[in-house]
Amino acid sequence: MENNTALTSKAYVSKNGSYLSTTDQLDSDTLRAFVNDNQSRSNKYQKNYQLYSGAHEILKAPSDPKSSRPDNRLVSNWANYIVDTYIGYFMGKPVKISFDDDNANNQLQDWFNDNSFQDKLTEVAKQVAVYGRSYMLAYQDENAQTRVAIVEPSEGFMVYDTTINHNPLAFVRYNYFNNQLSGEIYTSSQVIQFDNGLQPINTTNHLFKVVPAVEFYSSTERLSLVGKVQTLVDEYDSAFSRKANQVDYFDQAYLKILGVPLERDKNTGEPILDLGANKVLYSPDTDAANGVVDFISKPDGDTMQENMLNRLKDDIFQTAMVANLNDDAFSGNSSGVAIRYKLLPMQNQASVEERKFTIALRNLLGTILSLGKVIGTVDVQTVRKDLNFQFIRNIPFDIANEAQAASTMNGIVSKETQLSTLSFVDDPKAEIKRMQEEQKEQVKQAMNNVASATDSVKDDDNGDNVLGTTSQTGEEVDSSEPRQR
């Protein structure tokens, strides 16, 4: 337990933030410890959400009412940009989840459509990018139909056992209304409702036979994209706002008038010119010949400021491992290979997350489909084994270069391998089948054309043997008799 923090004698937090319990039953003290700790995390989750949604810290900083200097509060929402860019790349195209069996696959796709599953999966991926983790919970609705719901980490958490596999023991979903806590504990067989005192008030059985929820995350450490760039984005906002303040401040240039007498008011003796409103510094001098009238020049720190902003921006994208699609590097070389190299860090990150998501989806769908209400009676292990997953990156296709590369493989590799190099071919086996069907259709059409030509020749021959044909001399000839040479 060296890497774990003890909340109680039965409740622990691992170094990656997972909750562990030494007992199968969550008593009120253990549950309270987990809920309180998760509530303290909610402050971080809320800050990440605000950073994503544009409610940055700089907007909350106190202002100085005595200062007359400009006080711009500029928000550069890089957190929103990197999350939306990455999710568009990772989940912009729906994940293909299927069975080889056509009947089972059709029923599965109908269930996906009925549950808006792809949209929910995209939302889960976005929450993982913002918070570092997210959950999907399966349940039976009032019509005994299997549904899934998304649970944010600020409103739920998974509790694992202390074995080496860290198997799920329970999933806790909770919320506060009018400062009153309520929620449910989902175990492998029951749903236990609890009240503000964390005491059970109702218990019902469910049919899933395992904890009907899974945790999604992009890495074992549960790091979020927003969390990784938080300090950089805050500093960018601060630097950008200071630059805007300086531009405003120095834009209000003062005119200095030295040694030039101005006409004065007869009553007050002050210059008629309103020095404050017109931003004028005036100093009379008896020696008018040496008078000076010009503007006070401002210091120029623009280069240093721009270098700082550019450095911060580059660090934001490098730390998040997300490509800046507006960067000049993308417009300099638009070949497919060049684009893929620029997207390589994002590709590596997506590949790791894809494996984590596949495990979670296989467990969740295995639990749901084993009930037998979606594709019929089936064993959970069979479902998990037979499910196929295909994550498709949402990137521009360089079809010309891909086609040229694939054509050079002709006769070197199998047709399936050759077609698999084409990004726009989703299923090489299905494509080969379509090609074979097209070839059969072409052969059939060719045979029909030959048959039509043969019939035409026969018709012409038959036309020559018809009774009553006329010879070249105009005499009617009986074609039944042999012609004389």
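The values are calculated or read from the model by the stated rules, or taken from the named source; none is laboratory data. Quick caveat, the model's predicted, so the values are computed rather than measured. Positions of Cβ are backbone-derived with ideal geometry, glycine not excepted, and every protein chain shown enters the neighbour counts. Ligands, DNA and RNA are stripped out before the accessible areas are found, and what is left, the full protein with its side chains, is counted by its heavy atoms. Shrake-Rupley method; radii C 1.70, N 1.55, O 1.52, S 1.80 Å.
Tell me, please, whether a residue that is open to solvent by less than 30 Å² (accessible area, probe 1.4 Å), over 23 Å from Thr187 (Cα atoms) and out of contact with any Pro (no Cβ under 9 Å at 6 or more places or on another chain) can be found in the stretch 30-50.
yes
Going through the stretch 80-96 one residue at a time, which ones are in contact (Cβ under 8 Å) with a residue 12 or more places away in the chain, open to solvent by 40 Å² or more (accessible area, probe 1.4 Å) and not charged (D, E, K, R)?
Asn80, Gly92, Pro94
Only one of these is out of contact with any Asp or Glu (no Cβ under 6 Å at 6 or more places or on another chain), surrounded by 15 or more Cβ atoms within 10 Å (Cβ to Cβ) and modelled with pLDDT of 60 or more: Asn326, Asn363, Asn307, Asn267. Name it.
Only one candidate passes the filter, namely Asn363.
Being hydroxyl-bearing (Ser, Thr, Tyr), surrounded by fewer than 12 Cβ atoms within 10 Å (Cβ to Cβ), assigned to a helix (DSSP H, G or I) and at pLDDT below 85: is that true of Ser331 here?
In short, yes.
Being open to solvent by 10 Å² or more (accessible area, probe 1.4 Å) and not in a helix (DSSP H, G or I) is the filter; apply it to the stretch 109-141 and report the residue that is nearest to Gly156 (Cα to Cα).
It comes out as Arg133.
Out of the residues in the stretch 390-427 that are loosely packed, with under 11 Cβ neighbours inside 10 Å and in contact (Cβ under 8 Å) with a residue 12 or more places away in the chain, state the one that is farthest from the chain's Cα centre (by Cα).
Filtering first and then ranking leaves Phe424.
Only residues that are more than 17 Å from Ser370 (Cα to Cα), crowded, with 22+ Cβ neighbours inside 10 Å and either more than 24 Å from the chain's Cα centre (by Cα) or not aromatic (Phe, Trp, Tyr) (or both): list them for the stretch 202-232, please.
Glu215, Ser218, Ser224, Leu225, Val226, Val229
Picking from Leu20, Leu26, which residue would you name as being open to solvent by less than 40 Å² (accessible area, probe 1.4 Å), in a loop (DSSP other than H, G, I, E, B), among the hydrophobic types (A, V, I, L, M, F, W, C) and touching a residue at least 24 places away in the same chain (Cβ under 8 Å)?
Answer to the check: Leu26.
If I go through the stretch 142-165 residue by residue, how many of them are within 22 Å of Ala6 (Cα to Cα) and surrounded by 15 or more Cβ atoms within 10 Å (Cβ to Cβ)?
So the count comes out to 10.
For Ile392, work out the one condition from (1) among the aliphatic types (A, V, I, L, M); (2) outside any loop (DSSP other than H, G, I, E, B); (3) more than 13 Å from Ala104 (Cβ to Cβ) it doesn't fulfil.
That leaves (2) as the condition not met.
In the stretch 191-201, what residues are open to solvent by less than 60 Å² (accessible area, probe 1.4 Å) and at negative phi?
Residues satisfying the conditions are Val191, Ile192, Phe194, Asp195, Gly197.
Identify, by number, the condition in (1) in contact with a strand residue (DSSP E or B) (Cβ under 9 Å, 6 or more places away or on another chain); (2) in a helix (DSSP H, G or I); (3) farther than 30 Å from Asp314 by Cα that Arg41 doesn't meet.
Going through (1) in contact with a strand residue (DSSP E or B) (Cβ under 9 Å, 6 or more places away or on another chain); (2) in a helix (DSSP H, G or I); (3) farther than 30 Å from Asp314 by Cα one by one, Arg41 breaks only (3).
Check off (1) of a type outside the set (D, E, K, R); (2) open to solvent by 40 Å² or more (accessible area, probe 1.4 Å); (3) in a helix (DSSP H, G or I) for Ala430 and give me the number that stays unchecked.
(2)
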